[in-house]
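All remarks here apply to the structure that follows.
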Amino acid sequence: MKRRQFLQGAAAISAGILVERASGLTHSSVAADSRIEILLGEEIGTISPNIYGHFAEHLGGVVYDGIWVGENSKVPNTGGIRNALVEHLKRIKAPVIRWPGGCFADSYDWRDGIGPRTRRPRRTNFWADAQEWPKGVTNGPWKFETNHFGTNEFLRFCQLSGAEGYLAANVRGLTAQNLYEWIEYCNSPAGSTTGAEQRSSGEMPVRDPFRVKFWGVGNESWGCGGNLTAEEYSVEYRRFTAAVPRYGVDLSFVASGSNGGDANWTRGFFSRMAEKNRSFNGIYGFGLHHYAWNLGFGKTNDWFAAKGDAVRFTDAEHYELLHEADRMESLINEHWTIMGEYDRQHHVKLVVDEWGAWYKPGSEVNPTHLLGQQSTMRDALLASLTLDTFNRHADKVGMANVAQLINCLHSLFLAHEDKFIVTPTFHVFEMFVPHMGGRAVRTIFSAPEVQYTRADRPAEFWGLSGSASVNGKQLTLTVTNPHLTETREAEIAVRGARAGTARAQVLSMPDVHAHNTFDNPNAVQPRSEQVAAASGVIAFRFPPASVTRLQIALD
Ligand code: AHR
């Protein structure tokens, strides 16, 4: 079937014409209002597992109270690292974790966090003076960094979780020589250097090299990472990466990229790099940060005033936030196009090393958790539409890191002392595991648009969206229905192979504000559902405000 025929068909069913299907279908007499067509012959690229990556910064309760509980804690731990977190990261096959920041990275000296803990200095955390701190918060490692969690502790945490570490170097305050020595500390063979010797000291000695591959050269160098121009940053990038010890590791450097849609930064960096070095071989990835935070509805763009509440939100705020998050698609396309003007072979991949929802303070589970926020079903939808966007751009996105892992913005986990829960976003990451390493294929969605009122004016948002990938004989389709009240009844057609048996997992709740709490940790959970399929056509009802994964066997 040609694309035009498919769209004509979709228009017909949108108009309410009954779709007759082969006998045996439970929904054979229901009018489908939507169609999904999966084009197996139109491959986009292999989905890098690393787009399902994470980010952990020394910020509020991420490290202290989140990852790190200390060896003497009553909280079950391995060498001070929270066991429950490690177990859950294994469940979602966490591929990579970025650390130590964020803005914190450009104020951090890795040498403070090595060797015996009693000898490690205490420093003022980058976030100590943040406006968002609730009044009367006590001092502690969240404000005055103890450095008890340093390079060995972080990379051990990665090893336990099965993830790779992605370290961000301090460009604002330290030198290229300092990065050289951090790489030496992490990766030089046992017994070869003073760095390797230091690695084998302290309470968590590690003899064998960590072989860290991913290195970020600064963070948000246009802002907290040095307030540089793109031209100035390109000089720093070259200086930091010009000569580094490799020890047989395929070192992959990530340049600090743009803030949202700032095309000038991308153009400035790439044009300067092209002037000096014709090849882009020295850059693995170019960063991109995009948060969905602006609920000002065009009335204000103020960083504080325009933020909404994590748990209490209106229908319009629900759609508006998803709309904000959905800008990810155009951001990827826009930056990719500029990058390609200089890097014609597209050697450099996009690394979306911070993304997620950012709300105003007030829903954190403990006052020490700066930027901590609750996570509802709305955030699950935001996560699924974002991960689907990355899948659809598998040829462009090499890595992505949701911000941040635990007790912070768009977290998969919330913890305080011995309490630990997963958020709805965790379930989305688990549902998407079969996409990792799959071949993304083009998929066409056709569904009635959502209509809502935005600042007293009619506004629209797409009705269904998602992505599909193939792994061997298994096809995985993930779909988001953003509509708060309407079920979408879809007919799903697979082009290029015969669809066999299918099964579904659905994450939806009657109320989109639903979330897990320490008292009710399993309020939001996915459920398995029957799938009706006959003659290669699948029928499925996507509930309101839902994330669905369909796994279809290909004959
Ligand atoms: O994730 C919180 C902060 O957001 C990071 O530290 C910074 O890189 C970004 O502005």
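The values are calculated or read from the model by the stated rules, or taken from the named source; none is laboratory data. Quantities reported herein were computed from a predicted structural model and do not represent experimental measurements. Heads up, the Cβs are rebuilt from the backbone with ideal geometry, glycines too, and the neighbour counts pull from every protein chain shown. Only protein heavy atoms, including side chains, enter the accessible area calculation; ligands, DNA and RNA are left aside. Shrake-Rupley method; radii C 1.70, N 1.55, O 1.52, S 1.80 Å.
Karplus-based coupling profile of segment 126-131, in residue order and whole Hz: 3, 8, 3, 9, 4, 5, with θ = phi - 60° in 6.51 cos²θ - 1.76 cosθ + 1.60 and x standing for Gly or Pro.
Net length available on complete extension from ALA31 to PHE144 is 34.6 nm, with 0.36 nm assigned per residue and the Cα-Cα distance removed.
Rounded, prolate or oblate: which fits segment 378-484, taking a ≥ b ≥ c as square roots of the Cα gyration tensor eigenvalues, rounded meaning a/c under 1.5, else prolate when a/b beats b/c? Since a/c reaches 1.5 but b/c is at least a/b, the shape of segment 378-484 is classed as oblate.
Rounded to the nearest 0.05, what FRET efficiency is calculated for ASP456 and PHE304 with R0 set to 35 Å and r the Cβ-Cβ distance? Don't skip to the end; give the middle numbers.
Working: r = 24 Å, r/R0 = 0.68.
With a Förster radius of 35 Å, E is 0.90.
Between SER200 and GLN525, the simple spin-label model (points 7 angstrom out along Cα→Cβ) gives 4.8 nm.
Average accessible surface for the chain: 38 Å² per residue, computed with a 1.4 Å probe over protein heavy atoms with every protein chain in place.
Each helix, a run of at least 4 DSSP H residues, gives -39500 (n - 2.57); summed and divided by the residues of the chain, these come to -7000 deg cm²/dmol at 222 nm. Shown here for segment 427-531: trypsin sites (Lys or Arg not before Pro) in loop regions (DSSP other than H, G, I, E, B) with at most 11 other Cβ atoms within 10 Å, namely LYS473, ARG498. Relative to the Cα centre, the charge distribution of the chain, modelled as +1 at Lys and Arg Cβ and -1 at Asp and Glu Cβ, gives a dipole magnitude of about 1100 debye. Beta bridges from DSSP with both residues in the chain: antiparallel share about 60 percent, rounded to the nearest 5. Going by a ≥ b ≥ c, the root eigenvalues of the Cα gyration tensor, does segment 111-166 fall in the rounded group (a/c under 1.5), the prolate group (a/b larger than b/c) or the oblate group? Oblate shape, in that a/c is at least 1.5 and b/c is the bigger or equal ratio.
Summing +1 for each Lys or Arg and -1 for each Asp or Glu, what net charge is found among the other residues whose Cβ lies under 10 Å from the Cβ of TRP182? Walk me through the numbers before you get to the answer.
Values: positive: ARG111; negative: ASP109, GLU181, GLU184.
Overall, the nearby charge balance is -2.
The loop-placed trypsin sites (Lys or Arg not before Pro) in segment 56-101, going by DSSP, that have at most 11 neighbouring Cβ atoms within 10 Å of their Cβ come out as LYS74.
TYR284 exposes around 60 Å² of accessible area when a 1.4 Å probe is run over every protein chain in place. Rolled with a 1.4 Å probe across the full set of protein chains, the surface gives HIS513 an accessible area near 50 Å². Computed about the Cα centre, the dipole magnitude for segment 228-288 is approximately 200 debye when only Lys and Arg (+1) and Asp and Glu (-1) carry charge, each at its Cβ.
Of all DSSP-defined beta bridges confined to segment 192-314, some 0% are antiparallel rather than parallel.
Roughly what % antiparallel, to the nearest 5, for the DSSP beta bridges in segment 53-209? Don't skip to the end; give the middle numbers.
Values: 5 of 12 bridges.
If I count the DSSP bridges inside segment 53-209, around 40 percent turn out antiparallel.
The candidates ASP379, ASP262, ASP456, arranged from most to least accessible area with a 1.4 Å probe in the full protein assembly, appear as ASP456, ASP262, ASP379. With pairing defined as another cysteine C-beta under 4.7 Å, the cysteines of the chain that fail it are CYS158, CYS186, CYS408. Oblate is the label for segment 418-555. Its Cα gyration tensor axes, ordered a ≥ b ≥ c, give a/c of at least 1.5 and b/c at or above a/b.
Pull out the extension gain between LEU484 and LYS419, defined as 0.36 nm times the separation in residues minus the alpha carbon to alpha carbon distance; nm, one decimal. It would help to have the intermediate numbers written out before the result.
Numbers: separation 65, 0.36 × 65 = 23.40 nm, distance 3.12 nm.
Additional length available on full extension: 20.3 nm.
Of all lysines in the structure, the ones whose alpha carbon falls short of 18 Å from that of LYS135, not counting any fewer than 8 places away in one chain, are LYS143, LYS360. In the context of the full protein assembly, PHE304 retains an accessible surface of approximately 90 Å², using a probe radius of 1.4 Å and ignoring ligands and nucleic acids.
Of the solvent-accessible surface of the chain, computed with a 1.4 Å probe over protein heavy atoms with every protein chain present, carbon and sulfur atoms account for 46 percent. Straight-line reach from LYS276: taking Cα to Cα under 20 Å and skipping same-chain neighbours fewer than 8 places apart, the lysines in range are LYS349.
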